[in-house]
Amino acid sequence: MTEAKRPRKRFTVEFKKQLVHLYGSGKPRAEIIRSMFYYEAKQRDYAGEEETANHIH
């Protein structure tokens, strides 16, 4: 039985730079992980708004 693969997550260069900056400035790992979850949630919300706007037209 083959399990379906989930689509690979894509992160922007800006987001990756932000993570490197947080890590380099000595932020705790937990804070960096929280910022990743916040970013993902924000991207999902933005994608949902775009989809809704496309259906309105």
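The values are calculated or read from the model by the stated rules, or taken from the named source; none is laboratory data. Given the structure is predicted, the values throughout are model-derived calculations rather than measurements. With ideal geometry, Cβ positions are generated from the backbone for all residues, glycine too; neighbour counts draw on all protein chains shown. When the accessible area is computed, the model is the full protein with side chains, heavy atoms only, and any ligands, DNA or RNA have been set aside. Shrake-Rupley method; radii C 1.70, N 1.55, O 1.52, S 1.80 Å.
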*Restricting to segment 33-57, what's the tally of residues that are of a type in the set (A, V, I, L, M) and either open to solvent by 100 Å² or more (accessible area, probe 1.4 Å) or modelled with pLDDT of 85 or more (or both)?*
2
_Give all pairs with beta carbons closer than 9 Å in which a residue from segment 1-22 that is open to solvent by less than 100 Å² (accessible area, probe 1.4 Å) meets a residue that is of a type outside the set (S, T, N, Q) and not in a helix (DSSP H, G or I); count only pairs at least 6 apart in sequence or on separate chains._
LEU19/PHE11
